[in-house]
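Working notes, beginning with the structure itself.
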Amino acid sequence: MGQRMIRHQVEEGLSLYDEKNYDAAIKKWTIALQKMKNNRLRFTTLGHLAAASRDRGRNKDYLVYAVQQIDIAHELDENNLRAQAYLTLSRANEMLADYFKAVSYSRSTLQYSPPGDSKQVYAYLVMADSYIGLCNFSKVVECLDKALNMSHEHTDRMMETQILSTMGKVFLALKDFPKALLFQRRALEMVLSNSAFATEHSENENSKFVRITKLKIATPLRLMGDLVSATKCVEESMQAASSLGDRPVQAKCLVCIGDIQRSQNNNEVACKKYEAAIQMLQDMNDRYSYTLAMIGLVKALLALNTQQNTANDILATALSTATSMGNKLLQARCHLLNERIHKSENRLDDARNALATAQRLYQEADLLCFVCQQPMGMQPDHIQILTCTHMFHERCIADLLQKWTRQAQSCPKCNQKVLFSRSHISLACS
Ligand SMILES: [Zn+2]
Ligand SMILES: [Zn+2]
């Protein structure tokens, strides 16, 4: 096959992709790649394949294509290609919940791209997401601040929406549900206003972001008790995802629908949703969402009070998955569930031990409030993050906050001057 013919095949793949015929596009590119001699074209085609695999939830394939891109970038000895390939590699590792690797590859992206380049903003975003996975929230805020400061130099408004959305994820993990909701709503508003002047490509990206964000809005809504609005959001997201074959969003919607059903005491329906989600997420190697689905399933089984042993087995798997990811908050949540089980079976010593283990994990994640020494993120509460990246219960630093508008105050933990700065991400919604 001639090289011109191969180029043509790559183009055909792109048209198929635009028609949302993803599997056909992947097939076209895979065949074209076999006889492709031009390294630059190989690099681009691998990029198409990586993006399509990610959209279909084939995260392992996504990783493999990124690794192949790295080889080509080294062979061509071009830093720009290296930066791009490392960015894809870091995102792939983040999606596979290999957070340390993801952080390390994001650093390579920073190293190989020129200062202020848009890839640097995205590298900080992957790093922030990975640090959420590792429950290192100070680092998350630090990365988001850097991303936010750099994003002002770019016209790509998707950057800012992603920064807001990641901040929403932080507050969700810390169980400050109103703030989580606020950030996700801001992100959604921004992306909806973007779509007014979107090109065809950015329109696809926008609509993808809309369905993901609607799903992310549903979770805090449910946890704040607004099940009607939560259901509406997740159903809209599910409908869009199903019609486009967006399996990653479909699977996460199933978990959310399971959670809503469980909140309404429809535990049998909830179990079915979780089981369907678990199968899909296992298939995608999405260990983070997989663990969330298992925790939900355990809670539904416990409420049904019929399959205690099954619930225990699933909880053990959830705990070992959370441990393998290095996610202390998910581990703590598993131990707290264990505490509940032990209590219900009147094993009070075991219950106390489980609680102590959970508390130790909060401490290890640096999630004890410096003022009151109580864990943050264990119970729903208002959390405030200062510009030095330290966080506290809002009520514990209420006095400090009140004096803010008058003069700069010092952080109780590090004594650094805490300035009221609008560019600071944690304050962007207050
Ligand atoms: Zn406190
Ligand atoms: Zn501080």
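Readers should treat all values here as calculations from the given coordinates under stated rules, not as data from a laboratory. Bear in mind that the values here come from a model prediction, so they are computed numbers and not experimental data. So basically every Cβ, Gly included, is an ideal-geometry build from the backbone, and we count neighbours across all protein chains shown.
Roughly how big is the stretch 320-389's charge dipole about its Cα centre, with Cβ charges of +1 (Lys, Arg) and -1 (Asp, Glu), in debye to the nearest 20? The calculation lands at about 100 debye.
Amide hydrogen proximity for Gln409: with H placed 1.01 Å from N in the peptide plane, the residues at 5 or more positions away or on another chain lying under 5 Å are Val418. About the centre of its Cα atoms, the stretch 58-132 shows a dipole size close to 200 debye [charges on the beta carbon of Lys, Arg (+1) and Asp, Glu (-1) only; nearest 20 debye].
Here is the size of the chain from its Cα atoms: Rg then Dmax, 22.6, 74 Å. Entry for the stretch 235-333 at q = 0.18, 0.21, 0.22, 0.23 Å⁻¹: log10 I(q)/I(0) = -0.80, -1.04, -1.11, -1.18, Debye formula applied to identical alpha-carbon scatterers, no solvent contribution.
Nearest 20 debye, what's the magnitude of the dipole of the chain about its Cα centre given +1 on Lys and Arg Cβ and -1 on Asp and Glu Cβ?
280
Relative to one another, the C-alpha centroids of the stretch 215-253 and the stretch 148-192 are positioned 18 Å apart.
Ranking Trp29, Leu16, Ser130 by how far each Cα lies toward the positive end of the dipole of the stretch 10-131 (charges on Cβ) leaves Trp29 at the top. From its DSSP helices (H runs of at least four residues, each -39,500 (n - 2.57)), the chain gives a residue-normalised ellipticity at 222 nm of -24000 deg cm²/dmol.
Structural descriptor for the stretch 206-320: relative contact order 18 percent, calculated from alpha carbon pairs under 8 angstrom and at least 6 residues apart. For the chain, averaging the sequence separation of C-alpha pairs within contact (under 8 Å, six or more residues apart) and dividing by the residue count gives a relative contact order of 11 percent. GNM remark for the chain: springs join alpha carbons under 10 Å apart, and the peak mean-square fluctuation among Tyr122, Tyr17, Tyr62 falls on Tyr17. Counting only the Cα atoms, the stretch 209-248 fills a convex hull of 51 Å³ per residue. Going by alpha carbons, how many degrees (0 to 90, nearest 10) lie between the helix axis of 118-133 and the longest principal axis of the chain? The two axes meet at around 40 degrees. Positive end of the dipole of the chain, charges at C-beta (+1 Lys, Arg; -1 Asp, Glu), about the Cα centre: which of Leu355, Ala318, Thr161 has its Cα farthest in that direction? The Cα lying farthest towards the positive end belongs to Leu355.
Seen against the Cα atoms of the chain and their longest principal axis, helix 247-263 is set at about 20 degrees. Restriction of the trypsin sites (Lys or Arg not before Pro) in the stretch 289-396 to DSSP coil positions whose beta-carbon has at most 16 other beta-carbons within 10 angstrom yields Arg347.
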